[in-house]
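The structure under discussion appears below in the form of structure tokens.
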Amino acid sequence: MHILMAILGVIGVVSVVLYRLSYTYSAGKELAEDSKALWRRTKWKLKRRHDLLDTLTDPREVATVLMVETAKLGGEMTVSQKAKIAQLMRRHFEIDDAEADDMMVAAAFKTRDVADVENVLVRILKPVRERLTDKEKLDLVQMMHEVAKADGKLDPYQDRFIGVVKDKLVGPTSRNYG
């Protein structure tokens, strides 16, 4: 009888161990799947957040983003600022009204989730820093300044932002925009 009890005890212990092992295996498998899904979601969020700014390759797009962001620094973009941006784009980029509107909408869309554009200026300016001449860089800064003054007043935040862009593009110089 004591042998039968020992055998039943061993079977019971083995059963409990096997049950716990299978439970541990399924919990570990589920955890691994969750961590893979978490990693994929995290990678997607990071890619989505940075993708739109990383798609800026055309200097005209970069200039449009900078002009739109300059206008938004003074509060909501005014009608006169939108008109000034469109006018500058038509004059400097030699495009029509429809293309100018499309580029402005795209610029606003690409920076809509960016809280502080100044923190990502290095990435935004990368496509233009090497492709533009010094005169074109100064023209870009001048365009930003014209947008900032389009509604009659130059906001200190706008002035500072323009100065930072100028410093990053052409190096630190005086803040005289012409």
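Yes or no: ALA32 modelled with pLDDT under 80 and not assigned by TED's automatic domain parsing to the domain that holds VAL164? In short, yes.
Scanning region 52-65 for residues that are polar (S, T, N, Q) and surrounded by fewer than 22 Cβ atoms within 10 Å (Cβ to Cβ) yields THR55, THR57.
Within region 66-81, being outside any loop (DSSP other than H, G, I, E, B), surrounded by fewer than 23 Cβ atoms within 10 Å (Cβ to Cβ) and of a type in the set (A, V, I, L, M) holds for LEU73, VAL79.
Would you confirm whether or not region 132-144 contains a residue that is touching a residue at least 12 places away in the same chain (Cβ under 8 Å) and assigned to a loop (DSSP other than H, G, I, E, B)? Yes: one or more hits. For region 146-154, the count of residues that are surrounded by fewer than 19 Cβ atoms within 10 Å (Cβ to Cβ), out of contact with any helix residue (DSSP H, G or I) (no Cβ under 9 Å at 6 or more places or on another chain) and not small (Gly, Ala, Ser) is at least one. Taken as a whole, the structure leaves GLN81 outside the set of residues that are in contact with a Gly (Cβ under 6 Å, 6 or more places away or on another chain) and under 21 Å from LEU56 (Cβ atoms). Would you confirm whether any residue within region 50-67 is under 20 Å from PHE161 (Cβ atoms) and among the polar types (S, T, N, Q)? Within region 50-67, one or more residues are under 20 Å from PHE161 (Cβ atoms) and among the polar types (S, T, N, Q). Is region 96-113 home to any residue that is in the same structural domain as PRO156 (by TED's automatic domain parsing) and either more than 27 Å from LYS137 (Cα to Cα) or of a type in the set (Ser, Thr, Tyr) (or both)? Among the residues of region 96-113, at least one is in the same structural domain as PRO156 (by TED's automatic domain parsing) and either more than 27 Å from LYS137 (Cα to Cα) or of a type in the set (Ser, Thr, Tyr) (or both), which makes the answer yes. Of the residues VAL117, VAL141, the single one that is surrounded by 17 or more Cβ atoms within 10 Å (Cβ to Cβ) and modelled with pLDDT under 85 is VAL117.
Restricting region 82-113 to residues that are among the basic types (Lys, Arg) and in a helix (DSSP H, G or I), the residue that is nearest to the chain's Cα centre (by Cα) is LYS110.
The values are calculated or read from the model by the stated rules, or taken from the named source; none is laboratory data. The model shown is predicted, which means the values in this text are computed figures rather than measured ones. Because the Cβ atoms are built from the backbone with ideal geometry, glycine has one as well, and the counts that use them run over all protein chains shown.
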